[in-house]
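Down below is the structure, laid out as C-alpha cells.
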Number of protein chains: 2
Amino acid sequence: MLLLRRVSFLLPSPSFPRAPLAKPLPLLLLLLHPPRTPAPTARPLASMAAPAAPAGGTAAMSRDAFRAAVTNTLERRLFFVPSFKIYGGVAGLYDYGPPGCAVKANVLAFWRQHFVLEEGMLEVDCPCVTPEVVLKASGHVDKFTDLMVKDEKTGNCYRADHLLKDFCKDKLEKDHTLSPEQTEEYNKILAILDDLSAEQLGSKIREYGIVAPDTKNPLSDPYPFNLMFQTSIGPSGLSSGYMRPETAQGIFVNFKDLYYYNGNKLPFAAAQIGQAFRNEISPRQGLLRVREFTLAEIEHFVDPEDKSHPKFGDVSDLEFLMFPREDQMAGRSAKRLKIGNAVSEGTVNNETLGYFIGRVYLFLTQLGIDKDRLRFRQHLPNEMAHYAADCWDAEIECSYGWIECVGIADRSAYDLRAHSDKSGEKLEAHEKFAEPREVEKLVITPSKKELGLAFKGNQRMVLEALEAMGETEALDMKAALESNGEVEFKVCTLGKDVTIKKSMVSINIEKKKEHQRKFTPSVIEPSFGIGRIIYCLFEHCFYQRPGKTEDEQLNVFGFPPLVAPIKCTVFPLVKLEKFEVVAKKISKALTAAGISHIIDMTGNTIGKRYARTDEIGVPLAITVDNTTSVTVRDRDSKDQIRVEVDEVASVVKEVTDGQSTWADIMWRYPAHTASAVDDEEAEP
Amino acid sequence: MLLLRRVSFLLPSPSFPRAPLAKPLPLLLLLLHPPRTPAPTARPLASMAAPAAPAGGTAAMSRDAFRAAVTNTLERRLFFVPSFKIYGGVAGLYDYGPPGCAVKANVLAFWRQHFVLEEGMLEVDCPCVTPEVVLKASGHVDKFTDLMVKDEKTGNCYRADHLLKDFCKDKLEKDHTLSPEQTEEYNKILAILDDLSAEQLGSKIREYGIVAPDTKNPLSDPYPFNLMFQTSIGPSGLSSGYMRPETAQGIFVNFKDLYYYNGNKLPFAAAQIGQAFRNEISPRQGLLRVREFTLAEIEHFVDPEDKSHPKFGDVSDLEFLMFPREDQMAGRSAKRLKIGNAVSEGTVNNETLGYFIGRVYLFLTQLGIDKDRLRFRQHLPNEMAHYAADCWDAEIECSYGWIECVGIADRSAYDLRAHSDKSGEKLEAHEKFAEPREVEKLVITPSKKELGLAFKGNQRMVLEALEAMGETEALDMKAALESNGEVEFKVCTLGKDVTIKKSMVSINIEKKKEHQRKFTPSVIEPSFGIGRIIYCLFEHCFYQRPGKTEDEQLNVFGFPPLVAPIKCTVFPLVKLEKFEVVAKKISKALTAAGISHIIDMTGNTIGKRYARTDEIGVPLAITVDNTTSVTVRDRDSKDQIRVEVDEVASVVKEVTDGQSTWADIMWRYPAHTASAVDDEEAEP
C-alpha cells in the first residue's frame, strides 16, 4: 500500500495511477536538501540566443519580493489577469491578456515544430467533454481525489493535508517552547504528510485540535473529493460526463485507428494540445495551480521488447542536471550527467525515455529556461505506480521552489489494457516474423470424461479453473501429479479445494511454430504543463536594472526572440511627418515579413518608450531618427547600430527568426552612439 | 414579440439576444429561393493558388452521394472520427485525426495572421469554465434554450420543432391524398416554424397526433431546455458554473483593462480563439452541429458616432455575392456587389462592418472556399435583436444547403451595458475634446421644502422619481406645469399618482461647457465557427477523377498549400539504397525549411503512392528516381518537372509559402514526361 500511496505527493489521489502535474519535492527530501537559496536574479543576456549566468541588480532580493515584482509587472502589463475580475473573480482561473496570449501562442507553435513536425508525430484534437465510461476505465472517476474537510457550521472546504501542514509549519516557526520531541514529531509529519490516509489525517487533526482557519469552527473528518468538473451530456440528465482532467485518454481510445494510420507499424507517437480541468479544493500558488490549463501531451507507443530509439545519438552527448533516485535517497545533490551515459549505465530505463528527456531539455532551454535552474528528477520507487517502468520529471526552480513542469513516464501497457478491458476492443499491435519462430508453449488438456465422472455438475467449473492456470502453477501441478498421483486444487468458482488425479489432466510443454506475435504496446508519455512552463519562463527572463533616479528600477523581460510576444517596435524619434512616413514604410515591410511589431507614435521620450517595451520583452527597437537610415537597439545590451531603411526589416527577421544573434549583426553594421534622447531619459 | 421571436431561426432561443452559429436559411425563404441544385463538383485547380470553376467527374452526383463520398474519405483517412468510438461514441462529439488536426492548425494560424497580426488586435485567452453571474448578465442563463418534448414513457428527448418539421415534410413528400388546403397548411407551418411559441408548437403536435418517433409513445408539452453544460465550481457545490457557449463574454468582461492597454483609445479590437460548448438536444448534420467546437471571435470596439474605418479603401473594390434583406423579401436572388458601393448606398450600415465583411471574404477565399458558393446574407429585420444595428452572415453552400459559418454583427452597446449593469463596473470610453464644447442639458431641480410639506414621509420617493425622469417626460411635465400649474405624476415606488405643482420643481434646459464625453462603445463582432468553415472547405476542395479501371474513382482533396495538412511527400521510386539516401537528404532540407512532409518508403507503385497522398490533399510529391535530380509532381494538374536535388526544398517552399504558383514554377524547370510507373498505375 505504501508503494501506491506515495504516488500521492505528485497526485491528488493517494492511489491514483496516472502522473499529472505535481506538487513540489516531498518534504522528506526537502528536509534533506533544502532548495537552493533563491537565485532568481537579474540575467541580462549577453546575446539573445544564449542566456548568461545569473548576475546583477536583483540578486539581493528575497524570494517573495522577487515574485511580487514579477507578478506585479505581469498583471500591470496584462500578461495575465484574474478571470471575471469585474465580478470579483474565481479562484484558480486566469485570463491571458495580449502579451501573455502571444507568448503562449509562440510556446505552442514551437512545441508543435519541435515535437510534432520534427518527430513526425500524429497530432489529434479531441473534445474536453468526456463520457463517464472513459474516465471510469482510466481510474479517474474512482481515484482522482483529494482529501477534504468541511467547516461543520459554514460548510467551507479545505484540503486536509494543507491544514495539517500549515499547523506543523506554524508550530515549528513560531512556537519557541517546543520540546525536542515535539519538534521531531512535527518534522516527521511534514515528511510523511503525503503518505497519510484519511483516517490518519483525521486523527492528527483531532489530536492537535485543528479548527477551520477562517471561523475557528470544528472540522468534519477528511473524505475524498473528486477533482473533476462533472456535467451531464444531452438533455435527459442520465448520461454523466466530465471535463477531461488530461488530454491523454483521447489518444488511448483512438489507438487502433492511429496504429492503422501509421501503417500498422510501431513505434509511433501521437500528440495533443488542449485544455484540461481540475476542480481544485482551494487553489494556491497563483498560475501554478489552476482549475483550467493547457496541456501538451505525447503518447509514444513502442514495442515493450525493443525500446531503442533510432535518433538517440542526436541527444546522447547532451549534459544537464539529473537527480537519480539513488542520489535522492542517499542525500546527495543533483549532478550533471550525459544522457547517453545515464542510459548506458541503466540510470534511465531505456533509450526512448532518454531520448525524450534530451528533447525536453532542448525544448525548455531554447524557450529561455535557465539550464542551471532546470533538473530532471527521477521518481522514487514509492512515487511510481506499480506498473510504471521509470519516471522522470523536468523540474524548474522558481520562487515557489522546484516545480514539476513536464512529466516523462514509461507507463508500460497500463492505459491501453485498461481501455481494452473496459471497452472489449482489442488495443494491441502485432509483429509478423520474417521467419516463423519456434516457441515453447504450455498445453493443458483436461480429460472431460474423467472430470465428469468425478465432479458431475461441477465439472465445468473445475475444467475452466484448470485451463486458467498460469505457467508456474501448472508446472507445480505437473510435478505434484507425477510424484504423488494427485493434488489438492482450489477452484475459486466453487469456493473450495478439489482433488485432481493424474488421469484428469495432462500438462505438457510443446514446441510450436508462430508466424507473428501480438502484444499490447508500452507507452512513453511526456506531458507538458504549458502554463507552468510559461510562468517559470516569466520568472527566469525577468530582471531589473537601474533607472534614471537612484530608487528607480526598470523591469525587463529578457525573452528570447522565439517567445517574445512582440518582436520589434518602431518609434519615430520626434513627431515629424517625414519620420512617420518612414515608420509606416518600415511597418509595412515588417508585416510582409510576418514580424509582429507595434508602432509607438506617442510624444513620450525615447527612453520612456524603450522602458515600456523592455517591460513586455520586445527584443529589438527601431528608432526613426533619419529618413534614410535608422537606429536598431538591442533590449538587453542596449547596444545600438545604424541600418538602412530598406534593409531593416530583413535584419530584424534574421535576428528574430534565430538565424543570427545580435552579436553576429553587431559586426556587420556601424554602432550608433547613444545620444541624450536615449535610454537614460526613462521616466518613472 | 414576432420581431424577437423570428430571431429563433438563427438561434436556439426565440428571444435570445446573441447571434451564434445558425441553422440554414428560413424555410419561407427557402421556398421562395430553393437552394441551387448541388454544385459540389470536381474542381481540379488550374493553379494551386486560384480555384477554377466547378467542372468534371463528380458533376452528376447527387447531393447525398457527394456527401457520402466526402465523409467516407474524411473518416477513412482520419481527418475526423466520432469521439470515444470504442465505447460507442457520443452524438455531436468528434475528434480531429492527424490530417484534420493539421488543417485546423493551418486555418487557425492563418486566422491569427490575417486578423490578429495584420489588424493589430489584442488577443486574449480566457477559461471555458464560467461562473453563473457572467452568463446571467449576458442572458444565456435565462434565454439560451431550445424547445424540447419528452417521450412520456421512456423519457427520450426531442426538439419540438424538428418533430413538427419532419411530420410536415413527410406529409408533403409521401401523402398523395392531400387536399390543396392541407398542402398549403403544411407549407405554411414549415415557413413559420421558427416563429412558433411553446404553446403553438404543442398545440400543433397534439392536433396532428405526433408521437415519439422511436416508440410511438405520447409526447410531453414542449418546454425550454437550456443548452449550456452546467457544472459546479469549487468543492462546496454552491457555486454554479457553465462551460462557455461562446468566447465573446471573456472579452467583454475585460473591456476596461483592454481599453487601458490600448492607451485609452478607440477603436480597437480584441480577439479570442477557443473551445465553446452547446449541449444540443439531438445533434444532426454531422460536423455542422456539434456539442463542442472551436470559435474564433473578434470584438471591435468603436465610437458609436464614428464607425468609419481607416483601411476601408483596401477592401472597397472587392466584389462578391451579397444578399441584402430587400432582395430576400422581394423574392430576388443574391447578387454581386462591390462592398464599397454597398456601404456608400447604405445597404451595409457602416464602413467598419463593411471592412470586416471584406476581410472575411478574403479570409475564406484564400483558405480555398469557392467564391461562387459563398454569399453574405443580411439578417431580416425580425431576425435581429432589437438593439442590433445590422447583421450579415457569411453563408457557404455545401451539401446541407447554405450554412452560416461567420456572423458579422454590429451589436451596438448591448453587451458592455449588460455587464456594466450587472457588475456595477463602468465599462465605457471617453473622448477628450480639443476645445470644450457647449452642450444643452436638461436640469431638474426639485424643491425639497415644497415636496416635504406636500408629501411628508413620501417626500424621498417623489423626489427620486422626479430626478429620474427622461428628457421627453420632463419636457412634457414642464409644458403641463406652465399651462395648468399642476400635473398628475406616477411614482412607481409609491404605486400611485401624486399631484405635482409648479412650485415643487423647476425644469430647465441649460447650456453647459463640457471638456469630454463619456459613452459606451459599440461593438462589431465577427464570429467564426471554425469547424463549420473546415467542413465546407473539405466539401469545396473534394473532387474525384478516373482511376486505372473504368469503375474506379480516385479521391482528391485540392487544398491550397496554405491549408494542406502535409505540404509534400518524398518517394524513392524503387527500393534502392542510393535513392533512400537522397530521400533522407531531401527530408532533412525540408525539415530545416519548416515544411511538413512524409517519406513513403513502402514498395507500393508510385501511382498508388500518389493516389494515397492525393486523397489527403498533399500538393506536391517529390519522386527520387535519380541521385542528382528528382521529379516534382503537382497534385491537381499531375504535371511533373525535373529539379536538382539541392534546389528542391527551396522550390517546394516557394510554392507552399505562396510566393509562387505551380504555373510560375513550371516555366523555370524542364517538364518530366510521365513514365509507365506514374499515375496510371494506381491500384484499387
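The values are calculated or read from the model by the stated rules, or taken from the named source; none is laboratory data. What you see is a predicted model; the values in this text were computed from it and never measured. Note: ideal-geometry Cβ built from the backbone for every residue, glycine included; neighbour counts use all protein chains shown.
Summary of computed values
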quantity	calculated
Residue list for the range A:416-429, filter: surrounded by 12 or more Cβ atoms within 10 Å (Cβ to Cβ) and out of contact with any helix residue (DSSP H, G or I) (no Cβ under 7 Å at 6 or more places or on another chain)	A:ARG417, A:SER420, A:GLU428
Residues of the range B:376-425 satisfying the condition of being within 14 Å of chain A (Cβ to nearest Cβ), touching a residue at least 24 places away in the same chain (Cβ under 8 Å) and more than 16 Å from B:ALA248 (Cα to Cα)	B:ASP421, B:LYS422, B:SER423, B:GLU425
A:VAL574 vs. criteria in contact with a Leu (Cβ under 6 Å, 6 or more places away or on another chain) and in a loop (DSSP other than H, G, I, E, B)	no
Unmet requirement for B:VAL574, which otherwise passes all of (1) modelled with pLDDT under 90; (2) in contact with a Pro (Cβ under 8 Å, 6 or more places away or on another chain)	(2)
Conditions (1) aliphatic (A, V, I, L, M); (2) touching a Cys at 6+ places or on another chain (Cβ under 6 Å); (3) part of a strand (DSSP E or B): number failed by A:ILE281	(3)
Members of the range B:336-351 found to be out of contact with any Pro (no Cβ under 7 Å at 6 or more places or on another chain) and surrounded by 13 or more Cβ atoms within 10 Å (Cβ to Cβ), listed by number	B:LEU337, B:LYS338, B:ILE339, B:GLY340, B:ASN341, B:ALA342, B:VAL343, B:SER344, B:VAL348, B:ASN349, B:ASN350, B:GLU351
Output for the range B:401-430, where each listed residue is closer than 24 Å to B:TYR355 by Cα and in a helix (DSSP H, G or I)	B:TYR414, B:ASP415, B:LEU416
Residue in the range B:404-441 that is nearest to B:GLN516 (Cα to Cα), counting only those that are of a type in the set (A, V, I, L, M) and out of contact with any Gly (no Cβ under 9 Å at 6 or more places or on another chain)	B:ALA434
Checklist (1) modelled with pLDDT of 90 or more; (2) surrounded by 11 or more Cβ atoms within 10 Å (Cβ to Cβ) applied to A:MET461, failing item	(1)
The range B:592-611, subset small (Gly, Ala, Ser) and out of contact with any Ser or Thr (no Cβ under 8 Å at 6 or more places or on another chain), residue modelled with the lowest pLDDT	B:GLY603
Strands (runs of 3 or more DSSP E) enclosed by the range A:471-557 - at least 3 residues per element that are in contact (Cβ under 8 Å) with a residue 60 or more places away in the chain and not small (Gly, Ala, Ser)	A:505-519, A:522-529, A:542-546, A:553-557
Yes/no for B:ASP142 being over 23 Å from the mean Cα position of the chain (by Cα) and modelled with pLDDT under 95	no
The range B:431-451, subset in a strand (DSSP E or B) and among the charged types (D, E, K, R), residue farthest from the other protein chains (Cβ to nearest Cβ)	B:GLU440
Some residue of the range B:288-309 being in a helix (DSSP H, G or I) and crowded, with 17+ Cβ neighbours inside 10 Å	yes
Matching strands (runs of 3 or more DSSP E) fully within the range B:582-671 where at least 3 residues are over 23 Å from B:PRO565 (Cβ atoms)	B:640-644
Members of the range B:263-278 that are modelled with pLDDT under 95 and facing chain A (nearest Cβ under 9 Å)	B:GLY263
Any hit, the range A:390-401, residues being aliphatic (A, V, I, L, M) and in contact with a Cys (Cβ under 7 Å, 6 or more places away or on another chain)	yes
Residue in the range B:333-342 that is touching a helix residue (DSSP H, G or I) at 6+ places or on another chain (Cβ under 7 Å), more than 13 Å from every other protein chain (Cβ to nearest Cβ), closer than 30 Å to B:TYR242 by Cβ and at pLDDT 95 or above present	no
Test result for B:ALA394, surrounded by 20 or more Cβ atoms within 10 Å (Cβ to Cβ), touching a helix residue (DSSP H, G or I) at 6+ places or on another chain (Cβ under 8 Å) and in a loop (DSSP other than H, G, I, E, B)	no
Test set (1) more than 14 Å from every other protein chain (Cβ to nearest Cβ); (2) at pLDDT below 95; (3) surrounded by fewer than 21 Cβ atoms within 10 Å (Cβ to Cβ) - A:GLN328 fails condition number	(3)
Matching option when the condition is farther than 22 Å from A:SER660 by Cα, buried (at least 16 other Cβ atoms within 10 Å of the Cβ), among the charged types (D, E, K, R) and touching a strand residue (DSSP E or B) at 6+ places or on another chain (Cβ under 6 Å), among A:ARG633, A:ARG609	A:ARG609
Residue pairs meeting the criteria (Cβ under 8 Å; at least 6 apart or on separate chains; first of a type in the set (Gly, Ala, Ser), in the range A:73-92; second in a helix (DSSP H, G or I))	A:SER83/B:GLY250
Subset of the range A:215-252 [touching a Phe, Trp or Tyr at 6+ places or on another chain (Cβ under 6 Å) and aliphatic (A, V, I, L, M)]	A:LEU227, A:MET228, A:MET243
Qualifying residue in the range B:184-200 (condition: touching a Phe, Trp or Tyr at 6+ places or on another chain (Cβ under 6 Å), without any contact (Cβ under 8 Å) to a residue 40 or more places away in the chain and either closer than 24 Å to A:ILE233 by Cβ or not basic (Lys, Arg) (or both))	no
Residue match in the range A:74-92 (condition: of a type outside the set (Phe, Trp, Tyr), out of contact with any helix residue (DSSP H, G or I) (no Cβ under 8 Å at 6 or more places or on another chain), more than 17 Å from A:TYR400 (Cβ to Cβ) and surrounded by 23 or more Cβ atoms within 10 Å (Cβ to Cβ))	yes
Some residue of the range A:245-257 being over 29 Å from the mean Cα position of the chain (by Cα) and free of Cβ contacts under 8 Å to residues at least 12 places away in the same chain	no
Hits in the range B:235-256 (condition: surrounded by 19 or more Cβ atoms within 10 Å (Cβ to Cβ), farther than 18 Å from B:ARG417 by Cβ and of a type outside the set (S, T, N, Q))	B:PRO235, B:GLY241, B:TYR242, B:MET243, B:ARG244, B:PRO245
